[in-house]
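The values are calculated or read from the model by the stated rules, or taken from the named source; none is laboratory data. The model shown is predicted, which means the values in this text are computed figures rather than measured ones. Remember, those area values only see protein heavy atoms, side chains included, never the ligands or the DNA or RNA. Shrake-Rupley method; radii C 1.70, N 1.55, O 1.52, S 1.80 Å.
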Amino acid sequence: MSTGEQTLTVSAGAKTRPRKAATRRQKQERLVAVGFLAPFMLLLLIFQYVPLLVMARNSFYDYSLLNPAAEKFVGLRNFADMIEYDDARRSFGITFLFAFGVVVFVIPIAFALALFLNSKLPARGLVRTMIMLPVVTSSVVIATMWSFLLDPSNGLINGALDIVGIARQPFLTSTQQALPSLIAMTLWQQVGFGAILFLAGLQGVPSELGEAARIDGATRWQVLWNITIPLLSRTTLFVVVIMTVFSLQAFAPAFLMTQGGPQEATNLIVYHIYNTAFIMQQAGYASALSLVLLLVVLAISMVQMALLRSRWNY
């Protein structure tokens, strides 16, 4: 037999070699893993995937939550109504503007805070706790507190403006200032979360790269722009996606602070879905809005991951 034939025979034998059977210990470890995962997967199935399927099914029906048995199949009419009427388009537009404002301001401020926290500061743990405190505080508490702060009559912010000679501002009662006020509140609440994520990314960047660049004559700004920021692209992508999804699903600010007003200037899409389902009793149309929102969030997240995908590894 030639050398080539022997090689083919050995290769064929290697390909057809039976897979080694799992040992008893490996089987026990798999059973333990399944046992730990099963409760979570069951809850995920019951409270997330099944409701999603029900929502998708209900989007093709017209019914009221007060009398769901009287539902009527309407096909794609609920989706056609979104195009025909301008309430959904206006609400989606306001939501996109809100999300854009939050992301645009959160990213640079959170990154600057992370750089500050990454330096050698006294009582760094206390400073980090202060920055993270708004993140872990209930959204209801945050919205209530900011409602008092932004009150046009007796709010603390207007009181401070009076001291420096600036006229009182309407804030939440103004069609021009209501949405920026909600963006400012959300920025204050969520910037700490972005800062902690960026801080984790900064601490994972090898310090040797910056030290080598400094030895070669690079300034701090050049190290930051050419080394640190590119190496944080994965962290930046994660923060952008998380903040975008959070902003597109925001509900508490509109519900607790403005009720979608004034003149629907803060009628965020999730609040609009709530009103459609529970106030107007158009649950089928609300389900269609929810399904479209889900698809929009997925599409935006995929586009962000495609545009901001990491090109640097370390």
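Side notes on the structure shown:
- The residues of the chain expose, per residue, 62 Å² of accessible area to a 1.4 Å probe.
- Maximal additional length on extending the Leu161-Leu115 stretch stands at 13.5 nm, based on 0.36 nm per residue less the C-alpha distance.
- The sum of -39500 (n - 2.57) across all DSSP H runs of n ≥ 4, divided by the residue count of the chain, sets its helix-only mean residue ellipticity at 222 nm to -21000 deg cm²/dmol.
- Carbon + sulfur, % of accessible area of segment 131-213 - ligands and nucleic acids excluded, 1.4 Å: 68
- Shape category assigned to segment 180-260 from the gyration tensor of Cα positions, a/c cut at 1.5: prolate
- Share of carbon and sulfur in the accessible heavy-atom surface of segment 37-93 [1.4 Å probe, %]: 72
- For the chain, the relative contact order works out to 27 percent when only alpha carbon pairs closer than 8 Å and six or more residues apart are counted.
- Cα gyration tensor category, rounded, prolate or oblate, for the chain with a/c compared to 1.5: oblate
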